[in-house]
Amino acid sequence: MSSLQHVTDPQAIRLLTTPRVGRILGQFLTREQTAGGAARALGLDLRVVHRDLQSLLAAGLLCETRREPRAGRPIRHYRASAEAYFVPRALTPDADFSEHFERQFLPIDQRLARAGGREFERAIAEQGRGREWGLRLYWDGQETQMDESYADAELRGVLTGWQGPRLNAFSGLTAGLLTQEEATDMLREMIELFHRLREKFDANKAAGRGEPFAIRSVLTPLDEDDLNALKAW
């Protein structure tokens, strides 16, 4: 079995660039697995997994390793055809890296927006006590602000003290000037935060405690047009 398989077939590339199929194939990397085992591990419908496995087999990305006899149909075991896969960027469906990141970011951001909206609706309904919530445009003493809050809240920004419902959720955007050294330090802090979160996720999963949460973080250089547009938001 090759340790790294270069993929150039269009059908195989389509499968590898489909997030669900990629997750399913990941269950068979470096080990044997059954369709039922993969479905349970990923929380997916067994019929969906079976269908994707057939596509992966046809594309040469998956191999059947053995069949375990049992009454009725035997249990089939599979393994990925390689330990890792590589698709040259020129063969991906994206015209450039901007399009690549848009394809990756937009579905994630849409799902997070829906999840955040549900949580906010719940918090407003439970804690609002009839207070009216809406958009605000005002001068905070230094610059014009546009945000959301209760109609009777003080005219000050969220970073000076949250005046909305209590909830473990936050969405923010800030853009400005950093030195290269400051950007490097910020990047290091963000990576360390994600390592700490992963440790907590794994510990809580093993202990059977906790509720689902997500954190989204982006640090990127901008040009002047980007900066002015983001600050206008």
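What follows draws every value from the coordinates through simple rules; no lab data is involved. Since the model is a prediction, treat every value here as computed from it, not as a measurement. Here the Cβ positions follow ideal geometry from the backbone for every residue, glycine too, while neighbour counts run over all protein chains shown.
Give me the dipole magnitude in Debye, nearest 20, for the range 173-233 about the Cα centre, with unit charges on the beta carbon: positive for Lys and Arg, negative for Asp and Glu.
Numbers: 8 positive and 12 negative charges, 122 e Å.
Rounded to the nearest 20 debye, it is 580 debye.
Once Lys and Arg get +1 and Asp and Glu get -1 on their Cβ, which of His6, Gly36, Ala59 lies farthest toward the positive end of the dipole of the range 5-91?
About the Cα centre, the residue reaching furthest to the positive side is Gly36.
Could you work out how much longer the chain between Arg20 and Phe105 gets when fully extended? Use 0.36 nm per residue separation minus the Cα distance between them, nm to one decimal.
Working: separation 85, 0.36 × 85 = 30.60 nm, distance 1.53 nm.
Taking Arg20 through Phe105 to full extension adds about 29.1 nm, to one decimal.
Can you give the charge dipole size of the chain about its Cα centre, rounded to the nearest 20 debye, using +1 on the beta carbon of Lys and Arg and -1 on the beta carbon of Asp and Glu? Let's see the in-between values first.
Details: 32 positive and 34 negative charges, 414 e Å.
For the chain, the charge dipole is close to 1980 debye.
Hey, what number do you get for the chain at 222 nm if only DSSP H runs of n ≥ 4 count, each worth -39500 (n - 2.57), divided across all residues, to the nearest 500? Working shown, then result.
Working: 7 runs with 104 residues, N = 233.
About -14500 deg cm²/dmol.
Listing Asp140, Asp202 from the residue with the fewest other Cβ atoms within 10 Å to the one with the most, what is the order? All intermediate terms of the calculation are to be shown ahead of the outcome.
On the way: Asp140 13, Asp202 10.
Fewest to most other Cβ atoms nearby, the residues stand as Asp202, Asp140.
For log10 I(q)/I(0) by the Debye sum over Cα atoms at q = 0.13 Å⁻¹, the listed values are (1) -0.72; (2) -0.82; (3) -1.08; which was obtained by calculation from the structure presented?
(3)
With each pseudo-label sitting 7 Å past Cα toward Cβ, what's the Arg122-Leu178 distance in nm, one decimal?
3.2
Would you mind ranking Tyr78, Tyr138, Tyr85 by Cβ crowding within 10 Å, fewest neighbours first? It would help to have the intermediate numbers written out before the result.
Numbers: Tyr78 23, Tyr138 14, Tyr85 20.
Listing Tyr78, Tyr138, Tyr85 from fewest to most nearby Cβ atoms yields Tyr138, Tyr85, Tyr78.
What is the distance, in nm, between label points placed 7 Å from the Cα along the Cα-to-Cβ direction at Phe201 and at Thr92?
A separation of 2.0 nm, rounded to one decimal place.
If you average the C-alpha positions of the range 120-161 and of the range 43-96 separately, how far apart do those two centres end up, in angstrom?
50
Lys231 to His6: FRET efficiency via 1/(1 + (r/R0)^6), r the Cβ-Cβ distance, R0 35 Å, to the nearest 0.05? Present the calculation step by step, with values, prior to reporting the outcome.
Details: r = 44 Å, r/R0 = 1.25.
So, using R0 = 35 Å, E works out to roughly 0.20.
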